[in-house]
1. Please work out which residue is nearest to the chain's Cα centre (by Cα), limiting yourself to the range 373-405 and to residues that are closer than 19 Å to Thr233 by Cα and surrounded by fewer than 16 Cβ atoms within 10 Å (Cβ to Cβ).
2. Working carefully through the options Glu350, Glu278, Glu320, Glu339, find the one that is open to solvent by 40 Å² or more (accessible area, probe 1.4 Å), part of a loop (DSSP other than H, G, I, E, B) and out of contact with any helix residue (DSSP H, G or I) (no Cβ under 6 Å at 6 or more places or on another chain).
3. Pairs please, first residue from the range 135-151 and touching a residue at least 12 places away in the same chain (Cβ under 8 Å), second anywhere and surrounded by 10 or more Cβ atoms within 10 Å (Cβ to Cβ), Cβ atoms under 9 Å, 6+ apart in sequence or on different chains.
4. I'd like the full set of residues that are open to solvent by less than 60 Å² (accessible area, probe 1.4 Å) and in a loop (DSSP other than H, G, I, E, B), limited to the range 238-263.
5. Which residue, of Val296, Val324, Val304, is out of contact with any Lys or Arg (no Cβ under 9 Å at 6 or more places or on another chain) and either farther than 23 Å from Leu384 by Cβ or touching a residue at least 12 places away in the same chain (Cβ under 8 Å) (or both)?
6. Identify all residues within the range 294-308 that are open to solvent by 60 Å² or more (accessible area, probe 1.4 Å) and assigned to a loop (DSSP other than H, G, I, E, B); write none if there are none.
Amino acid sequence: MEIINAFVIIGAVVILSGLIAYIGDRIGMKMGKKRVSLFGLRPRYSSIIITIVTGILIAVLSVTILLAVYSELRQALFNINDVLTRLEYLNEELENRDQELAERDQELEARDQELSSLQQEIEAREEEIAEKEAEIEAREEEIAKRDQEIAEVESELEELTQNRDQLQGRVDDLSAQREELESQVSELENQIAELEADYDELREVANQLQAGVIYYMGEDMVYQKGDIVYSDTLEGGRSEQETISALNRYLQAANQVAREKEIEVNEETGMALRLQTEDILNAARIIYNMEPGSRVIVSLVARVNVPKNDWLYANFQLYEDFKVFEQGQLISSREISAEQSSEEIETELEALLQDINEKAINQGLLPDNSGQVGSINFSQFYDLVNKVRSASGRVKVSIYADTDIWREDRLSDNLKFELEELTAQESGSGEEDNNE
């Protein structure tokens, strides 16, 4: 409503201002045509004065109407100093309020931090309370178990109390038996004294028998204690039936190998191996419990020295199988001077082969009874010697794995030899080993 009144007043002021301007213009034109003079001035200046007066009347009329309609405008126009003073006071009060608000914000922030700290402390206390409650529950369960155990012990104690008389009777019987045993011990001590008198004679006889056995074994021995009778690789982690079938096939193959020697064979079963059932079951259990896809080397070794036409007693030895060298992997290398004599080159190559043998054993390759993991044949060795001699300067002999080499493999047929003639800059200190 107030907006409508404002537009009405503005419209009225505009209309009155336009009317006054129109009347002033008409008066000025008439005075100019009649060449009227005001205050003795020329008509031109008289017309200017009338225009000025008209503008003044428009301004006075506009201000008068606005002041008459709006009391706030009158107060603002005639009491401007009070308004300014009031405004300054309000600005100061606003600044004070802003400062108080900032202080309140700081205080509120401090309270928030304190509240956050208290909240964290409460959460920590709640966690501690939860832990204590869990501990209390565990203690209560333990107490309940102890109470149950106490009840069981009390029940057993009651049973033992009931059997106490019977036990006392047995104690009396045992006491009587003890006296009888003491009498027997006395007799046995006398017998021991008599046996000790014959000890020296028996020891001499035993020494003679031992000498005879040693001679007998040295002359007609089929297997020495610890010799490998048969070895093969089985897959672990398979089903129980598959594991048993694989172990049976393994034992049949091992028995066939053993029968090729001059040892005792059971005519009914055709078995030349003497194995304990517990050892077979234990080996089957180990193979069955391995990770699926893994491999195990199963070896049968002579448990004792085995003479000709005697029983072959053997034990199982199980080793986890893994790949010792990858195909193409450098096992070892050595720089050799081709200007040396054949004997010196042979010595260098033998040292290289011995180094390969030691490295293969250190990395897991299983050695034979002689402590070796394979060897190259005579012709291959001297062919390598001749290749070194035919070169000039220093030659780098590198030995690689010709195929994947597993723990039970031999190096004999699985090595690849490469020779490289070195320049003076490439020549090293004389030996370089790589089997990383």
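The values are calculated or read from the model by the stated rules, or taken from the named source; none is laboratory data. Since this is a predicted model, take the numbers as computed values, not measurements. Don't worry about glycine lacking a Cβ; one is built from the backbone with ideal geometry, like all the others, and counts go over all protein chains shown. Please note that ligands, DNA and RNA were not included when accessible areas were found on the heavy atoms of the full protein model with its side chains. Shrake-Rupley method; radii C 1.70, N 1.55, O 1.52, S 1.80 Å.
1. So the residue we want is Asp404.
2. Unique residue meeting the criteria: Glu339.
3. Filtered contacts from the range 135-151: no entries.
4. Of everything in the range 238-263, those that are open to solvent by less than 60 Å² (accessible area, probe 1.4 Å) and in a loop (DSSP other than H, G, I, E, B) turn out to be Ser239, Ile263.
5. Val296
6. Initial filter on the range 294-308 (open to solvent by 60 Å² or more (accessible area, probe 1.4 Å)): 295, 303-304, 308.
Passing the criteria: Arg303, Val304, Lys308.
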